[in-house]
Amino acid sequence: MTIAVGFTCNDGLVLAADSQISDDTLRFDGDKAWMYRYPPEAESPPLKVGVVGSGDLAFVRYAAERINYELRADMGKDEVQSIVQGVINDIHLNHLYPYPDAGTRPEVSLILGVLAHDGRRLMTTNLTTVTKVWNFEAVGSGSPLANFLIKRFYSGRLDVSAAAFLSAQVLMHVKRNVLRCGGRSRVLVMYHVNATAGFLQDKTVQEYEAYSERFDAAMRPVLFAGHDRTIGDDDYATKVERMTADLRTLRPMQIQQAENVVKSVVISPPTGHVSVVGEWISAVIKDGIGQGNTPIVLRDSAKQEED
(Lines give C-alpha, C1' and ligand atoms only; values in the text may rest on other atoms or scores of the structure.)
Protein backbone atom coordinates (compact mmCIF):
# COMPACT_ATOMS: atom_id res chain seq x y z
CA MET A 1 0.00 0.00 0.00
CA THR A 2 2.93 2.34 0.69
CA ILE A 3 2.81 6.05 1.64
CA ALA A 4 2.37 9.30 -0.28
CA VAL A 5 1.89 12.84 1.06
CA GLY A 6 1.10 16.22 -0.43
CA PHE A 7 1.08 19.84 0.80
CA THR A 8 -0.58 22.98 -0.51
CA CYS A 9 1.97 25.65 0.38
CA ASN A 10 2.08 29.44 0.48
CA ASP A 11 4.35 29.50 -2.55
CA GLY A 12 3.60 26.24 -4.34
CA LEU A 13 3.06 22.52 -3.82
CA VAL A 14 5.05 19.60 -2.41
CA LEU A 15 4.42 15.92 -3.16
CA ALA A 16 6.39 12.96 -1.81
CA ALA A 17 6.25 9.17 -1.82
CA ASP A 18 8.35 6.19 -0.83
CA SER A 19 9.66 3.84 -3.52
CA GLN A 20 9.21 0.33 -2.11
CA ILE A 21 7.19 -2.13 -4.18
CA SER A 22 6.23 -5.27 -2.30
CA ASP A 23 3.97 -8.28 -2.28
CA ASP A 24 3.77 -11.40 -0.14
CA THR A 25 7.22 -12.63 -1.20
CA LEU A 26 9.22 -9.79 -2.80
CA ARG A 27 10.15 -6.17 -2.25
CA PHE A 28 12.10 -3.84 -4.53
CA ASP A 29 12.42 -0.16 -5.47
CA GLY A 30 10.16 1.37 -8.10
CA ASP A 31 8.83 4.77 -9.11
CA LYS A 32 5.56 5.93 -7.58
CA ALA A 33 6.17 9.62 -8.31
CA TRP A 34 6.07 11.31 -11.72
CA MET A 35 6.31 14.82 -13.12
CA TYR A 36 4.68 15.63 -16.48
CA ARG A 37 4.96 18.81 -18.53
CA TYR A 38 2.81 20.06 -21.41
CA PRO A 39 4.09 20.38 -24.03
CA PRO A 40 7.05 18.20 -22.97
CA GLU A 41 9.54 19.93 -25.26
CA ALA A 42 8.73 23.49 -24.10
CA GLU A 43 11.32 25.41 -22.09
CA SER A 44 8.57 26.96 -19.96
CA PRO A 45 5.51 24.72 -20.34
CA PRO A 46 2.21 26.33 -19.26
CA LEU A 47 1.03 23.15 -17.52
CA LYS A 48 2.92 20.88 -15.12
CA VAL A 49 1.34 17.99 -13.24
CA GLY A 50 2.99 15.94 -10.49
CA VAL A 51 1.57 12.57 -9.47
CA VAL A 52 2.31 10.37 -6.44
CA GLY A 53 0.33 7.29 -5.57
CA SER A 54 -0.28 4.32 -3.34
CA GLY A 55 -1.88 0.95 -3.91
CA ASP A 56 -1.35 -1.62 -6.64
CA LEU A 57 1.63 -0.41 -8.69
CA ALA A 58 0.25 -1.58 -12.04
CA PHE A 59 -2.95 0.42 -11.58
CA VAL A 60 -1.14 3.43 -10.10
CA ARG A 61 1.07 3.55 -13.18
CA TYR A 62 -1.89 2.99 -15.46
CA ALA A 63 -3.75 5.89 -13.85
CA ALA A 64 -0.73 8.20 -14.20
CA GLU A 65 -0.23 7.23 -17.85
CA ARG A 66 -3.91 7.68 -18.69
CA ILE A 67 -3.99 11.12 -17.05
CA ASN A 68 -0.82 12.12 -18.89
CA TYR A 69 -2.31 11.01 -22.22
CA GLU A 70 -5.50 13.01 -21.70
CA LEU A 71 -3.98 16.34 -20.66
CA ARG A 72 -3.17 19.30 -22.93
CA ALA A 73 -1.07 22.41 -22.44
CA ASP A 74 -4.03 24.84 -22.62
CA MET A 75 -5.98 23.22 -19.79
CA GLY A 76 -6.67 25.01 -16.52
CA LYS A 77 -6.81 23.41 -13.10
CA ASP A 78 -10.58 22.70 -13.26
CA GLU A 79 -10.16 20.94 -16.59
CA VAL A 80 -7.28 18.90 -15.19
CA GLN A 81 -9.43 17.83 -12.25
CA SER A 82 -12.22 16.83 -14.65
CA ILE A 83 -9.78 14.64 -16.63
CA VAL A 84 -8.55 13.01 -13.42
CA GLN A 85 -12.16 12.34 -12.38
CA GLY A 86 -12.90 10.62 -15.69
CA VAL A 87 -9.79 8.42 -15.50
CA ILE A 88 -10.46 7.43 -11.89
CA ASN A 89 -14.09 6.58 -12.69
CA ASP A 90 -13.05 4.40 -15.62
CA ILE A 91 -10.37 2.55 -13.65
CA HIS A 92 -12.75 1.70 -10.82
CA LEU A 93 -15.89 0.95 -12.81
CA ASN A 94 -14.25 -0.99 -15.63
CA HIS A 95 -11.17 -2.52 -13.99
CA LEU A 96 -11.34 -2.66 -10.20
CA TYR A 97 -15.00 -3.14 -9.24
CA PRO A 98 -15.46 -6.10 -11.65
CA TYR A 99 -12.58 -7.83 -9.83
CA PRO A 100 -14.03 -11.18 -8.69
CA ASP A 101 -12.65 -11.19 -5.13
CA ALA A 102 -13.53 -7.99 -3.28
CA GLY A 103 -11.29 -9.02 -0.37
CA THR A 104 -8.16 -8.92 -2.54
CA ARG A 105 -9.30 -6.21 -4.97
CA PRO A 106 -6.45 -3.87 -5.98
CA GLU A 107 -6.62 -0.30 -4.69
CA VAL A 108 -5.47 3.01 -6.16
CA SER A 109 -5.09 6.37 -4.39
CA LEU A 110 -3.38 9.37 -5.94
CA ILE A 111 -2.24 12.84 -4.92
CA LEU A 112 -1.77 15.25 -7.81
CA GLY A 113 -0.20 18.71 -7.96
CA VAL A 114 -1.11 21.08 -10.78
CA LEU A 115 0.64 24.25 -11.94
CA ALA A 116 -1.53 25.75 -14.70
CA HIS A 117 -1.98 29.12 -16.39
CA ASP A 118 -4.83 29.88 -13.97
CA GLY A 119 -3.07 28.91 -10.73
CA ARG A 120 -2.13 25.85 -8.72
CA ARG A 121 -4.08 23.04 -7.13
CA LEU A 122 -3.45 19.94 -5.03
CA MET A 123 -6.02 17.16 -5.31
CA THR A 124 -6.43 13.62 -4.06
CA THR A 125 -8.44 10.56 -5.09
CA ASN A 126 -10.33 8.15 -2.85
CA LEU A 127 -12.18 5.37 -4.64
CA THR A 128 -14.14 7.26 -7.33
CA THR A 129 -13.90 10.70 -5.70
CA VAL A 130 -11.48 13.49 -6.65
CA THR A 131 -11.28 16.38 -4.18
CA LYS A 132 -9.19 19.50 -3.60
CA VAL A 133 -6.59 19.46 -0.83
CA TRP A 134 -6.54 22.80 0.94
CA ASN A 135 -3.71 22.03 3.36
CA PHE A 136 -2.22 18.52 3.36
CA GLU A 137 -3.12 14.92 2.58
CA ALA A 138 -1.61 11.46 3.11
CA VAL A 139 -2.67 8.22 1.40
CA GLY A 140 -1.63 4.59 1.70
CA SER A 141 -1.06 2.17 4.54
CA GLY A 142 1.28 4.64 6.24
CA SER A 143 -1.23 7.50 6.20
CA PRO A 144 -2.44 7.19 9.84
CA LEU A 145 1.10 7.59 11.15
CA ALA A 146 1.90 10.26 8.57
CA ASN A 147 -1.14 12.32 9.55
CA PHE A 148 -0.22 12.04 13.23
CA LEU A 149 3.33 13.24 12.57
CA ILE A 150 2.25 16.10 10.31
CA LYS A 151 -0.32 17.37 12.81
CA ARG A 152 2.37 17.64 15.48
CA PHE A 153 4.03 20.44 13.50
CA TYR A 154 1.29 21.80 11.26
CA SER A 155 -0.43 24.95 12.46
CA GLY A 156 -1.12 26.58 9.09
CA ARG A 157 0.11 26.57 5.54
CA LEU A 158 3.85 26.08 5.16
CA ASP A 159 6.31 27.42 2.63
CA VAL A 160 7.63 24.91 0.08
CA SER A 161 10.97 24.79 1.93
CA ALA A 162 9.35 23.72 5.21
CA ALA A 163 6.96 21.26 3.54
CA ALA A 164 9.83 19.56 1.67
CA PHE A 165 11.73 19.13 4.93
CA LEU A 166 8.63 17.88 6.78
CA SER A 167 7.82 15.43 3.97
CA ALA A 168 11.27 13.87 4.21
CA GLN A 169 10.98 13.61 8.00
CA VAL A 170 7.50 12.06 7.91
CA LEU A 171 8.41 9.51 5.25
CA MET A 172 11.52 8.53 7.21
CA HIS A 173 9.44 7.61 10.28
CA VAL A 174 6.71 5.89 8.25
CA LYS A 175 9.23 3.74 6.37
CA ARG A 176 10.76 2.60 9.65
CA ASN A 177 7.51 1.74 11.37
CA VAL A 178 4.88 0.68 8.81
CA LEU A 179 4.92 -2.64 6.99
CA ARG A 180 5.52 -2.44 3.22
CA CYS A 181 6.68 1.18 3.33
CA GLY A 182 10.33 1.72 2.49
CA GLY A 183 12.93 2.42 -0.15
CA ARG A 184 13.99 5.90 -1.23
CA SER A 185 11.92 8.97 -0.46
CA ARG A 186 11.05 10.96 -3.59
CA VAL A 187 10.25 14.61 -2.85
CA LEU A 188 8.85 16.81 -5.62
CA VAL A 189 8.75 20.61 -5.19
CA MET A 190 6.50 22.70 -7.47
CA TYR A 191 6.84 26.47 -7.20
CA HIS A 192 3.94 28.71 -8.15
CA VAL A 193 6.51 31.43 -8.77
CA ASN A 194 7.87 30.99 -12.31
CA ALA A 195 6.13 27.58 -12.40
CA THR A 196 9.41 25.80 -11.63
CA ALA A 197 9.41 22.20 -10.47
CA GLY A 198 11.71 19.24 -9.89
CA PHE A 199 12.68 16.35 -7.62
CA LEU A 200 15.16 16.76 -4.80
CA GLN A 201 18.21 14.56 -5.07
CA ASP A 202 18.59 11.60 -2.73
CA LYS A 203 21.53 13.30 -1.01
CA THR A 204 19.40 16.27 0.02
CA VAL A 205 16.62 14.04 1.38
CA GLN A 206 19.20 12.07 3.37
CA GLU A 207 20.59 15.30 4.83
CA TYR A 208 17.09 16.26 5.95
CA GLU A 209 16.69 12.87 7.63
CA ALA A 210 20.04 13.19 9.41
CA TYR A 211 19.16 16.69 10.64
CA SER A 212 15.85 15.40 12.06
CA GLU A 213 17.55 12.57 13.91
CA ARG A 214 20.21 14.83 15.43
CA PHE A 215 17.56 17.36 16.44
CA ASP A 216 15.51 14.67 18.22
CA ALA A 217 18.62 13.35 19.98
CA ALA A 218 19.49 16.83 21.26
CA MET A 219 15.96 17.47 22.58
CA ARG A 220 15.31 14.06 24.15
CA PRO A 221 17.24 14.48 27.47
CA VAL A 222 15.45 17.74 28.30
CA LEU A 223 12.07 16.30 27.28
CA PHE A 224 12.38 13.44 29.75
CA ALA A 225 14.04 15.52 32.48
CA GLY A 226 11.35 18.20 32.45
CA HIS A 227 8.82 16.10 34.39
CA ASP A 228 11.32 14.23 36.61
CA ARG A 229 11.12 15.63 40.15
CA THR A 230 14.23 13.69 41.17
CA ILE A 231 16.32 15.97 38.96
CA GLY A 232 17.31 19.21 40.65
CA ASP A 233 17.15 22.64 39.09
CA ASP A 234 20.91 22.76 38.57
CA ASP A 235 20.98 19.40 36.78
CA TYR A 236 18.03 20.44 34.65
CA ALA A 237 19.73 23.71 33.73
CA THR A 238 22.84 21.74 32.75
CA LYS A 239 20.77 19.57 30.42
CA VAL A 240 19.19 22.64 28.87
CA GLU A 241 22.63 24.17 28.28
CA ARG A 242 23.84 20.92 26.70
CA MET A 243 20.77 20.83 24.47
CA THR A 244 21.40 24.42 23.39
CA ALA A 245 25.01 23.63 22.53
CA ASP A 246 23.98 20.52 20.57
CA LEU A 247 21.35 22.45 18.62
CA ARG A 248 23.89 25.10 17.71
CA THR A 249 26.08 22.43 16.13
CA LEU A 250 23.24 21.68 13.73
CA ARG A 251 23.26 25.20 12.34
CA PRO A 252 26.18 24.74 9.92
CA MET A 253 24.39 21.71 8.43
CA GLN A 254 21.23 23.76 7.98
CA ILE A 255 23.13 26.56 6.24
CA GLN A 256 24.91 24.08 3.99
CA GLN A 257 21.58 22.57 3.03
CA ALA A 258 20.21 26.02 2.25
CA GLU A 259 23.09 26.71 -0.10
CA ASN A 260 22.90 23.36 -1.89
CA VAL A 261 19.22 22.54 -2.08
CA VAL A 262 18.56 24.39 -5.34
CA LYS A 263 21.46 22.54 -6.92
CA SER A 264 19.93 19.33 -5.59
CA VAL A 265 16.88 19.52 -7.81
CA VAL A 266 17.26 16.75 -10.37
CA ILE A 267 18.10 18.19 -13.79
CA SER A 268 17.91 14.99 -15.85
CA PRO A 269 15.57 12.39 -14.35
CA PRO A 270 15.78 9.01 -16.08
CA THR A 271 12.35 8.46 -17.65
CA GLY A 272 9.03 10.07 -18.53
CA HIS A 273 8.06 13.66 -19.26
CA VAL A 274 9.63 14.72 -15.99
CA SER A 275 9.73 18.41 -15.23
CA VAL A 276 13.20 19.92 -15.30
CA VAL A 277 14.24 23.39 -14.30
CA GLY A 278 17.01 23.69 -16.89
CA GLU A 279 18.43 27.14 -17.39
CA TRP A 280 16.43 28.54 -14.47
CA ILE A 281 18.63 26.56 -12.07
CA SER A 282 21.76 28.06 -13.60
CA ALA A 283 20.27 31.53 -13.30
CA VAL A 284 19.30 30.92 -9.69
CA ILE A 285 22.77 29.74 -8.76
CA LYS A 286 24.43 32.58 -10.68
CA ASP A 287 22.22 35.23 -9.07
CA GLY A 288 22.82 33.83 -5.60
CA ILE A 289 19.22 32.84 -4.88
CA GLY A 290 19.12 30.07 -2.33
CA GLN A 291 21.84 31.52 -0.11
CA GLY A 292 19.49 32.34 2.75
CA ASN A 293 18.78 30.49 5.98
CA THR A 294 15.99 28.26 4.71
CA PRO A 295 16.22 25.54 2.07
CA ILE A 296 14.61 26.67 -1.21
CA VAL A 297 13.96 30.30 -0.42
CA LEU A 298 12.17 31.56 -3.54
CA ARG A 299 9.07 33.42 -2.38
CA ASP A 300 5.98 34.91 -4.01
CA SER A 301 5.36 38.35 -2.60
CA ALA A 302 2.19 38.78 -4.64
CA LYS A 303 -1.21 37.59 -3.45
CA GLN A 304 -1.72 33.92 -4.34
CA GLU A 305 -4.51 33.06 -6.73
CA GLU A 306 -7.45 31.02 -5.51
CA ASP A 307 -6.52 27.35 -5.13
Q: Please enumerate the residues belonging to the stretch 157-196 that are surrounded by fewer than 20 Cβ atoms within 10 Å (Cβ to Cβ), in a helix (DSSP H, G or I) and either at negative phi or not assigned by TED's automatic domain parsing to the domain that holds residue 136 (or both).
A: 162, 173, 176, 177, 193
Q. Within the stretch 197-228, which residues are more than 23 Å from residue 159 (Cβ to Cβ), part of a helix (DSSP H, G or I) and in contact with a Phe, Trp or Tyr (Cβ under 9 Å, 6 or more places away or on another chain)?
A. 222, 225
**Q.** Matching option when the condition is part of a strand (DSSP E or B), at pLDDT 95 or above and either outside the structural domain of residue 135 (by TED's automatic domain parsing) or among the small types (Gly, Ala, Ser) (or both), among 4, 64
**A.** 4
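The values are calculated or read from the model by the stated rules, or taken from the named source; none is laboratory data. Model, not experiment: these values are computed from the prediction. Positions of Cβ are backbone-derived with ideal geometry, glycine not excepted, and every protein chain shown enters the neighbour counts.
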